[in-house]
Amino acid sequence: MSRLMAQLRFCAMTVAVLGVSCTSCGATRPSDTAVYSCFLDGWLASDANKGIDHPYVVVVESTISGPDPYRRLSEAEIKDTWLRLQKRMPRLRLDTVQNFIALNEVAAAIDTRSIKTTAPVVGLSGDEAARIFTLEQCWEAFYKKFPKARGVMRLSRPGVSSDDTQTLVYCDFGSGYLAGAGSYYLLEMNGERWQIAGEYVARQA
């Protein structure tokens, strides 16, 4: 994929999922913050094991639905999604996926200041993210604003099982014109904390 095509794909997806404003967004729940904090702890630990250090993590302050723009899914499409994700995350439950899809039909605002993890979390508004990633030199503009960042993260709202024992969250992390990936993560409750229990890679730049 050429640099131009990769940039156009990333920018189109960014604008589609973020829109130009989040003034009509709802807000994520306090329980979502706990999921984000535990997820980031696990994600950062995984990168640390690979020798990747994050001085801070830039997180967009409005949610995304997953690898595709928001749309309402039929029951058959929801079940197909569950079966596809189960191939890599066999303990994933249908009710978790149903809750995930229901919550992510519309965007929600993320209070990045409430996320507590092993590296500082820096918020990037949805409007500013859309502005940056429609520029011709979008990544140069991003790294000028965040010179020590390793990239930018976008998160879905977490879907939770009916018994509150597992949750599903989508994370998209981009770091350059030809560098980025999006994955669904299954987290399970271990004691009083969520821990990453599985991953399904949905897109790879």
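Does Val160 qualify as being among the β-branched types (Val, Ile, Thr), in contact with a strand residue (DSSP E or B) (Cβ under 7 Å, 6 or more places away or on another chain) and under 13 Å from Val35 (Cβ atoms)?
In short, yes.
Among the numbered conditions (1) free of Cβ contacts under 8 Å to residues at least 40 places away in the same chain; (2) among the hydroxyl-bearing types (Ser, Thr, Tyr); (3) surrounded by fewer than 16 Cβ atoms within 10 Å (Cβ to Cβ), tell me where Ser114 comes up short.
(1)
Among the numbered criteria (1) touching a residue at least 40 places away in the same chain (Cβ under 8 Å); (2) surrounded by fewer than 19 Cβ atoms within 10 Å (Cβ to Cβ), which single criterion is violated by Gln98?
Of the numbered conditions (1) touching a residue at least 40 places away in the same chain (Cβ under 8 Å); (2) surrounded by fewer than 19 Cβ atoms within 10 Å (Cβ to Cβ), the odd one out for Gln98 is (2).
For region 180-205, name all the residues that are touching a Phe, Trp or Tyr at 6+ places or on another chain (Cβ under 9 Å) and of a type in the set (A, V, I, L, M, F, W, C).
Scanning region 180-205 gives Ala181, Leu186, Leu187, Trp194, Ile196, Ala197, Val201, Ala202, Ala205.
Going residue by residue through region 123-134, is there one that turns out to be part of a strand (DSSP E or B), touching a helix residue (DSSP H, G or I) at 6+ places or on another chain (Cβ under 6 Å) and either farther than 19 Å from Ile196 by Cα or small (Gly, Ala, Ser) (or both)?
yes
Which pairs have Cβ atoms under 9 Å, sit 6 or more apart or on different chains, and link a residue in region 20-43 that is at pLDDT below 95 to one that is assigned to a helix (DSSP H, G or I) and of a type in the set (D, E, K, R)?
Note: pairs meeting the criteria are Val20/Asp127; Val20/Arg131; Ser21/Asp127; Cys22/Asp127.
Select from region 164-200 the residues that are free of Cβ contacts under 8 Å to residues at least 40 places away in the same chain and assigned to a strand (DSSP E or B) and write down the one among them that is surrounded by the fewest Cβ atoms within 10 Å (Cβ to Cβ).
Only one residue tops the list, namely Asn190.
The values are calculated or read from the model by the stated rules, or taken from the named source; none is laboratory data. Given the structure is predicted, the values throughout are model-derived calculations rather than measurements. Note that we place each Cβ from the backbone using ideal geometry, even for glycine, and neighbour counts take in every protein chain shown.
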